[in-house]
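Below: one structure, written as structure tokens.
The values are calculated or read from the model by the stated rules, or taken from the named source; none is laboratory data. These numbers come from a predicted model, not from an experiment. Here the Cβ positions follow ideal geometry from the backbone for every residue, glycine too, while neighbour counts run over all protein chains shown. We work out accessible area using only protein heavy atoms, side chains counted, and drop any ligands, DNA or RNA first. Shrake-Rupley method; radii C 1.70, N 1.55, O 1.52, S 1.80 Å.
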Amino acid sequence: MKRVLAILLAFQTMLSAGVLELDIITYDQFVSRDEEALKQLKSALLEKGIVGIKGIPGYREKVNAYIEAAGHFFQLPEEVKEKYAPNREAGDLFLGYEKGKEKFKRADGEWVVDDLKVSYYAFVPDNESNKWPTEVELKTAYEELGMLMSDTAVQVMQQIDLIGPSTLDGIPRVGRMLYYRKSVEGRSDNPLWCGAHFDHGLFTALIPAVYFEEGKQVDEPADAGLFVKPTNGTEFEKVVANDPDVMLFQVGEFGQLVTNDAIKATEHRVQRPLAGSIERYCMALFFDVSMDMVVDSTSTLTNDSRYKAGGCSYQHWSNESFKRYIVAED
Ligand SMILES: [Fe+2]
């Protein structure tokens, strides 16, 4: 009974969520260092944890090509996609195909596996560790979009003093091509495509999601999509990101650690719609620092059991984060 009540409460909370006022500045304002726009960009990241930049040259075309390529890959038969899953026993990294491997703790304390979330991980820029399918052409669209997201996000991070000019030199970004399977296929008691969490790295860039129903592109359902708990707020709010010309940016936990809470990580989740048979495509690009970078932080995140007091390397923080959120192989 308690469990049923918790689920009902979760659904009700979702339906009553407010809408976040997303701050969007134009790319022209950004590159011309428009003072007001830069102020807005910074305060949005500090107070809400998310901001958008609109009108980046070439962006929309790259997103369109990427969505098409992602569709081709994810529509391949399961046994073909599985060929590209990492063989962890053989020491493979996380690169390639991943299906339903993450778990997040729900408000009622239960750990829930995101069984509808499917990913394809690759480094950006491309390197020899990446896996690419031979059945469909994925690499070009993936890498071209990833590089544009990388270049733009690096400028944003420099603008808010999260990194210096060479902090990320030589460190690949981690791309995550995301596909959320049909909303009707999941556990009926899990209203989420992706449970509430913070990204563990420095910073994240993402595209507005694209939705399909019965093979046709549809608008984002009002009750679905990315929800963010504003840094200065207490409740999750919906991010209306229906403009394909906008690139979005969020803050990760290591960003919070290195700035001693001057900037806070963005808590977010992805809701699936309660009606319809909807699929969702997205792309996230994660920014890591060097694995041997060590922080001795005063952030509240130092109370987290993943943190190592006295000096926590990014390697340690990453390993502990994966241990917490990745479902162990049987
Ligand atoms: Fe995330």
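A few remarks follow.
- Carbon plus sulfur fraction of accessible area for the chain, probe 1.4 Å, in percent: 50 percent
- Evaluated over the stretch 209-311, the Cα radius of gyration and Dmax, each in Å: 17.3, 54
- Qualifying GluC sites (Glu not before Pro) in the stretch 76-163, where qualification requires a DSSP coil assignment and no more than 16 other C-beta atoms within 10 Å, comprise Glu110, Glu128, Glu135, Glu137.
- Loop GluC sites (Glu not before Pro), the stretch 206-281, which have at most 16 other Cβ atoms in a 10 Å radius of their Cβ (DSSP): Glu214, Glu235
- In the stretch 2-292, the ratio of gyration radius to Kirkwood radius, Rg to Rh, stands at 0.94 when only Cα atoms are counted.
- With only Cα atoms counted, the stretch 54-110 has Rg and Dmax values of 16.6, 44 Å.
- Cross-link check: pairs Lys39/Lys62; Lys39/Lys103; Lys42/Lys182; Lys62/Lys131 evaluated at a Cα-Cα cut-off of 30 Å; pairs beyond the cut-off: Lys39/Lys103; Lys42/Lys182.
- Distance from the Cα centroid of the stretch 260-324 to that of the stretch 16-78 is 20 Å (rounded to whole angstrom).
- Both radii come from the Cα set of the stretch 43-162: Rg as radius of gyration, Rh as Kirkwood radius; their ratio Rg/Rh reads 1.02.
- Considering only Ser150, Gly252, Val19, the residue lying farthest towards the positive end of the dipole of the stretch 2-292 is Val19, judged by Cα position with unit charges set on Cβ.
- Residues of the stretch 28-63 with amide N under 19 Å of the 7 Å Cα→Cβ point at Ala17: 45, 47-52
- Annotation: per residue accessible area for the stretch 2-292 equals 43 Å², rounded to a whole number [probe 1.4 Å, protein chains only].
- Candidate aspartates and glutamates for bridging to Lys81, where Cα separation is under 14 Å - those fewer than 8 sequence places away on the same chain excluded: Glu98, Glu135, Glu137
- Contact order normalised by residue count of the chain, Cα under 8 Å, 6+ apart, percent: 22 percent
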